[in-house]
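Visitor: Shown below is the structure under consideration.
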Amino acid sequence: MNTTPSLNRRNFTKTALLAGAALAAGTISTPGADAPVKRIRTGLIGCGSVSNQYLPQLARSPFVEVVSLCDIKPERARRQTERFKVAHHYPHIDAMLAGEPFDFLVDTTDMQAHEKINGQALEAGKHVWSEKPIANTLAAGQELLRVANKKGIRLWGAPITVQSPQFAFMAKQLAARKLGRVAAAHANYGHEGPDWSAFFYEKGGGSMPDLAVYNLTSLSGLLGPVKHVTAMVSIVTPERTVGDKGRIRVTEEDNAMVLMDHGNGVISHVQSGFNYFNPNGHEGRNETRHTISIVGSAGFMGMVGYDWEPLGVDLATQDAPTLERHATDAKGYAWQQGATLAAECLVTGQELLVTPEHALHVLDIITAARESGASGKRIPLTSTFKWPIVS
């Protein structure tokens, strides 16, 4: 039974980080008891670049005990076990599941592999946090969620943009009708494309599941589930040179324009791609443009910086027409902490604002965008999620 006091979005995120710092300092304790905080036995699969972002967060969490790592390149798993002092490492998911017992799998493998690995872990009774996307198709993702629900275990998927205080501020302004009658929104995210691996450009990859997924999550989270999608997608750079395979042919979109109908007259647009030069590079703290903007009959609101590392929100209304910046404090939010927050959920019962239904809805949008791009038609969506998202 959950006896943890109710926490709002700010306190939930901040509690996890403060508790992690206390654990590192040896000062963590359970309120009203001398017993140590329960820790979820955790395994992480995929010891490439993203693991370098996840493992420090997991290692600091008072709710996590990382007991095993896995990678199809065994030297990468061995290197990370040494760096983060993890006792066990494996070369394959089968060996990992048969090895050191654990309860929670964190999947940071190539995006094409998520569906199969997540399915194996769920069938084995493990809770799962997956990097995006959860699966390669909506139907496959819905089957994963069916298995999780049947077994009474949990499934979550990145990204966690709805957990940020900037998202919360924007959602509250919309709920208070500060923009009047909302009409339209725009979001954009892109860079010149990763050069270390071919999977970004091969079947199951593409700029939408890698990049647009953030903006699609944020805009659907702010404006509500999408009813119809119209899109154009293209390949701007047909060949690329990448670190793991050399010269490759690009088969998935590296340029996408997605138009979404949220109902009630609200229309939004997301552009994403792997051909977008940015003089500030890809560092979130260097991006000071409005990467998400929403306009209505009585106001304008723009998120400053990327939605995965936002720096604030600018707001202007008919009553206060000069742009004023709000929500500049991250309040402990970091895009890499999704699995850490999920582990806290497993211990305390406190729910995340991130849900598998929302992640699957975004996957539905991506699938519909590709169908629309190929057919030229407006595609209706069948999925939905609980909305509005409130802290």
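Visitor: Would you check if there is a residue in segment 221-232 being among the aliphatic types (A, V, I, L, M), farther than 24 Å from residue 304 by Cβ and surrounded by fewer than 24 Cβ atoms within 10 Å (Cβ to Cβ)?
Guide: Taking every residue of segment 221-232 in turn, at least one turns out to be among the aliphatic types (A, V, I, L, M), farther than 24 Å from residue 304 by Cβ and surrounded by fewer than 24 Cβ atoms within 10 Å (Cβ to Cβ).
Visitor: Could I ask something else about it? Just for strands (runs of 3 or more DSSP E) wholly inside segment 208-327: which have at least 3 residues that are β-branched (Val, Ile, Thr) and either at pLDDT below 95 or touching a strand residue (DSSP E or B) at 6+ places or on another chain (Cβ under 6 Å) (or both)?
Guide: Passing ranges, in order: 228-234, 266-273, 290-296.
Visitor: Another one. Given the criteria in contact with a helix residue (DSSP H, G or I) (Cβ under 6 Å, 6 or more places away or on another chain), in a loop (DSSP other than H, G, I, E, B) and either of a type outside the set (S, T, N, Q) or farther than 24 Å from residue 207 by Cα (or both), does residue 140 qualify?
Guide: The answer is no for residue 140.
Visitor: Counting only residues that are more than 19 Å from residue 140 (Cβ to Cβ) and assigned to a loop (DSSP other than H, G, I, E, B), how many does segment 339-360 have?
Guide: Count: 6.
Visitor: Anything in segment 180-192 that is in contact with a strand residue (DSSP E or B) (Cβ under 7 Å, 6 or more places away or on another chain) and either surrounded by 14 or more Cβ atoms within 10 Å (Cβ to Cβ) or outside any loop (DSSP other than H, G, I, E, B) (or both)? List them, or say none.
Guide: Matches in segment 180-192: 182, 183, 184, 185, 186, 187, 188, 189, 190.
Visitor: Something else: With respect to residue 334, determine if the residue is touching a residue at least 24 places away in the same chain (Cβ under 8 Å) and of a type in the set (Gly, Ala, Ser).
Guide: Yes.
Visitor: Filter segment 353-391 for residues that are under 16 Å from residue 212 (Cβ atoms) and among the charged types (D, E, K, R) and give the result.
Guide: 364, 370, 371
Visitor: Does residue 138 satisfy the criteria of being under 26 Å from residue 67 (Cβ atoms) and of a type in the set (A, V, I, L, M)?
Guide: no
The values are calculated or read from the model by the stated rules, or taken from the named source; none is laboratory data. Since this is a predicted model, take the numbers as computed values, not measurements. No Cβ is skipped: glycine too gets one built from the backbone with ideal geometry, and neighbour counts run over all protein chains shown.
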